[in-house]
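The values are calculated or read from the model by the stated rules, or taken from the named source; none is laboratory data. These numbers were taken from a predicted model, which means no experiment stands behind them. Here Cβ is always computed from backbone atoms with ideal geometry, including for glycine, and neighbour counts include all displayed protein chains. Side chains are part of the model used for accessible areas, which takes the heavy atoms of the whole protein and leaves out ligands, DNA and RNA. Shrake-Rupley method; radii C 1.70, N 1.55, O 1.52, S 1.80 Å.
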Amino acid sequence: MFKDCIDPGHAGQNIDPGAKNQVTGLQEADVNLAVSKLVAHYLDAAGHQVTLTRTELEQPETDSLQYRCDVSNNWGADVFISLHCNAATPAAKGFEVWTSPGQTQGDRLATCIYNQITREFPDRVGRTDYSDGDPDKESKFYVLTQTNAPACLVEMAFISNAEEAALLANSTWRDRMARAIARGITDFHSQ
Ligand SMILES: [Zn+2]
């Protein structure tokens, strides 16, 4: 049975809310958790085993990135997917999928998820780096380099952009994003 570890970015609320929309006050950590729980729901329905590195709106131990990696590694996850929302200047928008540098199984996982998000949201901007032949961007994010499983990090949209912050707050959009990510994970396992 496939073991999927979903990592809702940031510890939440007063500890580390992540990025915030300055107008609406929408917090990244809350969005990450809500979408992660939906992803877990769909993977569970598909017969996968799922664990979340954070299950509460505010969870102090998750302020440690090593804790999150330990949850995944100790459990023996087959994949690790971290969910985040981006922030930059108000005009910036789109989604990104990140992996660690170099070609690994994480690149294949990222491409599966990227393709499903593109299929679900043809109107959204995929922010890509095709210099290495695939759409993911690469960086030495701690949770990507210190996890044993193929890993990627999804920046679902920009919480700092008014249009995308409204999407991130929308339950229908969250559900569509969660299903797209879950389908990408299922694709990875079935290829
Ligand atoms: Zn984040």
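Of all residues in the stretch 151-191, those satisfying the criterion of being surrounded by 23 or more Cβ atoms within 10 Å (Cβ to Cβ) and either within 13 Å of Q116 (Cβ to Cβ) or in contact with a Gly (Cβ under 6 Å, 6 or more places away or on another chain) (or both) are A151, C152, V154, M156, M177, A178, A180, I181, A182, G184, I185, F188. Just one of the numbered conditions (1) within 16 Å of the ligand (Cβ to nearest atom); (2) surrounded by 15 or more Cβ atoms within 10 Å (Cβ to Cβ) is not true of I15: (2).
Right, R68: assigned to a helix (DSSP H, G or I), within 16 Å of the ligand (Cβ to nearest atom) and either small (G, A, S) or at pLDDT 95 or above (or both) or not?
Answer is yes for this residue.
The set of residues in the stretch 18-65 being within 16 Å of the ligand (Cβ to nearest atom), open to solvent by 40 Å² or more (accessible area, probe 1.4 Å) and among the small types (G, A, S) consists of S64 alone. The number of residues in the stretch 148-168 that are in contact with a helix residue (DSSP H, G or I) (Cβ under 8 Å, 6 or more places away or on another chain) and more than 16 Å from the ligand (Cβ to nearest atom) comes to 4. Flag: Q13 does not match the condition of being touching a Gly at 6+ places or on another chain (Cβ under 8 Å) and in contact (Cβ under 8 Å) with a residue 12 or more places away in the chain. Evaluation of A110 against the conditions (1) part of a helix (DSSP H, G or I); (2) within 16 Å of the ligand (Cβ to nearest atom) shows that the sole unmet condition is (2).
A count restricted to the stretch 73-92 and to residues that are more than 16 Å from the ligand (Cβ to nearest atom), touching a strand residue (DSSP E or B) at 6+ places or on another chain (Cβ under 8 Å) and assigned to a loop (DSSP other than H, G, I, E, B) stands at 3. Within the stretch 22-60, the set of residues being assigned to a helix (DSSP H, G or I), touching a residue at least 40 places away in the same chain (Cβ under 8 Å) and among the acidic types (D, E) comprises E28 only. Considering (1) out of contact with any strand residue (DSSP E or B) (no Cβ under 7 Å at 6 or more places or on another chain); (2) open to solvent by 60 Å² or more (accessible area, probe 1.4 Å), the lone condition that P101 does not fulfil carries the number (1).
Selection within the stretch 89-98: residues that are touching a helix residue (DSSP H, G or I) at 6+ places or on another chain (Cβ under 8 Å) and within 16 Å of D132 (Cβ to Cβ). The member of this set that is surrounded by the most Cβ atoms within 10 Å (Cβ to Cβ) is V97.
I'm trying to understand the selection: among the residues of the stretch 114-123, which are more than 18 Å from E164 (Cβ to Cβ) and within 15 Å of the chain's Cα centre (by Cα)? Matches in the stretch 114-123: N115, Q116.
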